[in-house]
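This report refers to the structure that appears directly beneath it.
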Amino acid sequence: MDDRCRLYLITPPVLPAGFEDHLAMALDAGDVASLQLRLKDAPDDEIRRAIERLLPIAQARDVAFVLNDNAKLAAETGCDGAHLGQTDGDHPAARKLLAGKILGITCHASRHLAMEAGELGADYVAFGAFFPTITKETVHTADTELLDWWSEMFEVPSVAIGGITAVNCGPLVRAGADFLAVVGAVWSHPEGPAAGVRAMNTAIGEALRGA
């Protein structure tokens with residue numbers, strides 16, 4: 001497992017026109033470990049078309065392409081894996097379906113859910129939200145103590161999510177988060193997505209050096 005904290009990029013809720021170019025520029029701007037396609041409530045046909053457009057861009061750059069919510073569709077379309085919430089289908093069945101591929105599971109702020117996910121064979125557990133976010137309603141709030149405990153006790157990587165920016169990510173990096181999941185910090189960056197990726201990587205590096 002890589003010792004450094006890396007960026008886990010999530011697509012915006014609605015893909016704008018010309019998004020392929022924005023994505024390519026973002027992925028070319030600095031280290032990005034994974035890209036999650038997250039189109040909530042979109043029909044499968046729309047998601048399939050998005051996968052066809054975006055998956056080659058990510059895979060050409062050795063960025064893992066993960067589909068949100070739907071393990072079956074991820075397997076059918078050649079994605080590198082799937083990210084499932086607590087109510088997104090049968091997790092054990094998804095683990096079997098995605099054998100050899102990535103399975104990430106949302107665990108909110110729950111140690112119990114995270115341990116269950118680890119025992120199931122999840123490739124990562126996602127904790128959050130750590131900060132307020134406009135991407136989705138904040139129901140569960142996590143803190144850095146959870147990340148610190150998980151990194152000390154378990155080898156399964158953790159993903160921190162929820163309102164993370166270059167300004168506030170330092171404590172999460174120092175607490176042991178393996179990945180930082182971001183949306184607005186990149187896609188809403190005032191100087192564009194590439195600048196957002198550069199800013200996040202710079203902040204991660206500064207946090208690690210100051211740890």
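Laboratory data are not the source of any read-out in this text; all were calculated from the coordinates shown. The structure presented is a predicted model; accordingly, all values stated were derived computationally and were not measured. Quick reminder, even Gly has a Cβ in these numbers, built from the backbone with ideal geometry, and neighbours come from all protein chains shown.
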Relative contact order of region 6-209, defined on C-alpha pairs under 8 angstrom at six or more residues apart (%): 21
Using θ = phi - 60° and Karplus 6.51 cos²θ - 1.76 cosθ + 1.60, couplings along region 20-35 (whole Hz; Gly, Pro as x): 4, 5, 4, 5, 4, 5, 5, 5, 7, 7, x, 5, 9, 7, 9, 10
Cβ-Cβ FRET estimate between LEU120 and ASP143, R0 fixed at 25 Å, reported to 0.05: 0.55
Residue-span extension gain [ALA109 to GLU152] - 0.36 nm each, minus C-alpha spacing: 13.8 nm
Rounded to 5, percent antiparallel among DSSP beta bridges of the chain: 0
For a label point 7 Å along the Cα-to-beta-carbon line of ASP41, residues of region 8-33 with backbone N under 20 Å: 11-17
